[in-house]
1. Just the residues that are open to solvent by 60 Å² or more (accessible area, probe 1.4 Å) and free of Cβ contacts under 8 Å to residues at least 12 places away in the same chain, please, taken from the stretch 3-25.
2. State which residue is most open to solvent (accessible area, probe 1.4 Å) when the search covers only the stretch 110-131 and only residues that are of a type in the set (Gly, Ala, Ser) and outside any helix (DSSP H, G or I).
3. Restricting to helices (runs of 4 or more DSSP H) lying wholly in the stretch 1-109: which have 1 or more residues that are under 18 Å from residue 139 (Cβ atoms) and among the basic types (Lys, Arg)?
4. Is it true that residue 68 is of a type in the set (Lys, Arg), touching a Ser or Thr at 6+ places or on another chain (Cβ under 9 Å) and more than 29 Å from residue 4 (Cα to Cα)?
5. Got a sec? Which of 67, 110, 35 is within 22 Å of residue 17 (Cα to Cα), of a type outside the set (Ser, Thr, Tyr) and at pLDDT 95 or above?
6. Since residue 35 meets every condition but one in (1) over 13 Å from residue 115 (Cβ atoms); (2) surrounded by 12 or more Cβ atoms within 10 Å (Cβ to Cβ), which condition does it not meet?
7. Is it fair to say residue 87 is touching a residue at least 40 places away in the same chain (Cβ under 8 Å), in contact with a Gly (Cβ under 9 Å, 6 or more places away or on another chain) and not β-branched (Val, Ile, Thr)?
8. Right, residue 88: surrounded by fewer than 18 Cβ atoms within 10 Å (Cβ to Cβ) and of a type in the set (A, V, I, L, M, F, W, C) or not?
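The values are calculated or read from the model by the stated rules, or taken from the named source; none is laboratory data. What you see is a predicted model, and the numbers here were worked out from it, not measured in a lab. Backbone-built Cβ (ideal geometry, glycine too); neighbour counts: all protein chains shown. All accessible areas refer to the heavy atoms of the entire protein, side chains included, with ligands and DNA or RNA removed. Shrake-Rupley method; radii C 1.70, N 1.55, O 1.52, S 1.80 Å.
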Amino acid sequence: FLVPLLPDQIDKMRKVVEKLEPSSLDEGFLSTVDAYMMKSHEDGMDGMVGILQKVLQMYSGIQIIRARKQMGSDSEPTPASDLFEKLLKIDTDLWDVEIRNGVKDVGSSALISEIQKTMESVVLGLENGSMAQRVQAEYLRELVSRAEATEK
């Protein structure tokens, strides 16, 4: 692999992760990725660590989208929920630009509220202390901090 990955390669990776059965994206999957990340870090393979971080980010976005769909909100989509869904589907390297562009119409507080609402309903509903909960919570906290940075 040549790192950093090109946008086309990231899109292909995302499509592969999206095609995986939700049942295969379990604690075993997360533990394996985490173990490979640690080993790669110990071996000085920082490029591989970056690739595996992308996998965890993709996993988080995909699982959060799936959980939000399962919750089946009866309410109409809002501009904030639309922006949030868009952010869940794109590479985290593109977040800052998309947030800056999106909050012009939506407002950062509405986006942050949407993210926090999802964190409360989705992430806190996962098994307490599980890898899934930790990874998804970290992903959403990073998104909140990036959205908060646009307020300043």
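1. Within the stretch 3-25, the first condition is being open to solvent by 60 Å² or more (accessible area, probe 1.4 Å), and the residues that meet it are 3-4, 6-9, 11-12, 15-16, 18-23.
The answer is 6, 8, 9, 11, 12, 15, 16, 19, 20, 21, 23.
2. 129
3. Values: elements: 7-19, 27-42, 46-71, 79-89, 95-106.
The qualifying helices (runs of 4 or more DSSP H) are 7-19, 46-71, 79-89.
4. Values: of a type in the set (Lys, Arg): yes; touching a Ser or Thr at 6+ places or on another chain (Cβ under 9 Å): yes; more than 29 Å from residue 4 (Cα to Cα): yes.
When the stated conditions are applied, residue 68 passes them.
5. On the way: 67 fails: at pLDDT 95 or above; 110 fails: within 22 Å of residue 17 (Cα to Cα).
When all the criteria are applied, what remains is 35.
6. Here residue 35 clears every test but (2).
7. On the way: touching a residue at least 40 places away in the same chain (Cβ under 8 Å): yes; in contact with a Gly (Cβ under 9 Å, 6 or more places away or on another chain): yes; not β-branched (Val, Ile, Thr): yes.
Yes; evaluated as a whole, the condition is true for this residue.
8. Details: surrounded by fewer than 18 Cβ atoms within 10 Å (Cβ to Cβ): no; of a type in the set (A, V, I, L, M, F, W, C): yes.
No.
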